[in-house]
Amino acid sequence: MSIEFTLRSVKLSSMKKNVLATARKGRPPSEMAASHAAIMDAVYTLLQEKSVRDLTIEEVAKRARVGKPTLYKWWPTKATLVLAMLCERMAPNLEKPTVLTAEESLRLRVRRLIDAFSGPFGKIVAGLIAEGQSEPAIRQAFFDRWVSPRRTATIADLQRGKNAGELRSDTEPDMLNDAIFGAIYYRFLLGSGPFTRGFGEELVDQVIRGHRSGNVRS
């Protein structure tokens, strides 16, 4: 099951407050919101047709019908623009309910990430990661804006489970997180096997089995 993406040029309420704050004096907020949504739509649509590497600011400006100075004022680089679109349009689909055990939360995060990467956003994420191999600033921005917040939240959930007695007292939440999500990125980027919800469930089963409270290592 893939996460569907809908163009949001008419959904203006999602625009970030910091973008509104940069509006030139006298420009109506509704116009700013419309421009912002059109830019995000343009980035998403163009990246279904070409790679992150081949995307240009000029193309985005033309499709969104805004000036290049407007884009550079809000997003100084192409990478920051693409990341902004990902964080705005893909991230909300990864949010989780608040009342879950640590393991339930982990399984939900894994399932939703696999769904997202199996859909149209997957190509964009892979393109950003590829660009980051030759551009350290892109790699760092991707980690800071995309990976780190989700890694921190998952580790906090696992720590909560450890504190509540769901997980063994010697469990290291950061290592447990990296063992699972590292395997997801490995299979996503290298295609070493099926990239499905079933894979995600089996992965969690294998990794967390020895960390549930009551299990004894040999």
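The values are calculated or read from the model by the stated rules, or taken from the named source; none is laboratory data. Here the structure is a predicted model, which is why all the values come from computation and not from measurement. Counting neighbours? That spans all protein chains shown, and the Cβs are built from the backbone with ideal geometry, glycine included. Protein only, heavy atoms only, side chains kept; ligands, DNA and RNA dropped before computing areas. Shrake-Rupley method; radii C 1.70, N 1.55, O 1.52, S 1.80 Å.
Take the conditions (1) in a helix (DSSP H, G or I); (2) without any contact (Cβ under 8 Å) to a residue 40 or more places away in the chain; (3) of a type outside the set (Asp, Glu); (4) farther than 16 Å from Val125 by Cα; Val204 misses just one of them, which is (2). Taken as a whole, the structure leaves Ser118 outside the set of residues that are closer than 28 Å to Tyr44 by Cβ, modelled with pLDDT under 90 and among the polar types (S, T, N, Q). As a summary of the residue check, Thr101 satisfies the conditions (1) buried (at least 16 other Cβ atoms within 10 Å of the Cβ); (2) in contact with a Gly (Cβ under 8 Å, 6 or more places away or on another chain); (3) over 22 Å from Arg187 (Cβ atoms) except for the one numbered (1).
Residues checked against (1) among the polar types (S, T, N, Q); (2) more than 28 Å from Val52 (Cα to Cα):
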position	(1), (2)
Phe142	no, no
Arg145	no, no
Thr171	yes, yes
Pro194	no, no
Arg209	no, yes
Ser213	yes, yes
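Restricting attention to the stretch 167-201, the residues that are touching a residue at least 60 places away in the same chain (Cβ under 8 Å) and under 16 Å from Gly122 (Cβ atoms) total 9. Is one or more of the residues making up the stretch 2-19 modelled with pLDDT of 90 or more, part of a helix (DSSP H, G or I) and open to solvent by less than 30 Å² (accessible area, probe 1.4 Å)? Scanning the stretch 2-19 turns up no residue that is modelled with pLDDT of 90 or more, part of a helix (DSSP H, G or I) and open to solvent by less than 30 Å² (accessible area, probe 1.4 Å).
Every residue, every condition in (1) in a helix (DSSP H, G or I); (2) open to solvent by 70 Å² or more (accessible area, probe 1.4 Å), yes or no:
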{"site": "Gly122", "(1), (2)": "yes, no"}
{"site": "Ser134", "(1), (2)": "no, yes"}
{"site": "Ala141", "(1), (2)": "yes, no"}
{"site": "Asp144", "(1), (2)": "yes, yes"}
{"site": "Ile180", "(1), (2)": "yes, no"}
{"site": "Tyr186", "(1), (2)": "yes, yes"}
{"site": "Pro194", "(1), (2)": "no, yes"}
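Only a single criterion out of (1) modelled with pLDDT of 95 or more; (2) outside any helix (DSSP H, G or I) is not satisfied by Val216, namely (1). Taking every residue in the stretch 152-166 that is of a type in the set (Val, Ile, Thr) and pairing it with any residue that is buried (at least 18 other Cβ atoms within 10 Å of the Cβ), at least 6 positions away or on another chain, the pairs with Cβ-Cβ distances below 7 Å are Thr154/Leu106; Thr154/Arg109; Thr154/Asn177; Ile155/Pro173; Ile155/Asn177. When Val60, Val52, Val82 are checked against the criterion of being under 24 Å from Glu135 (Cβ atoms) and at pLDDT 95 or above, a single residue qualifies: Val60.
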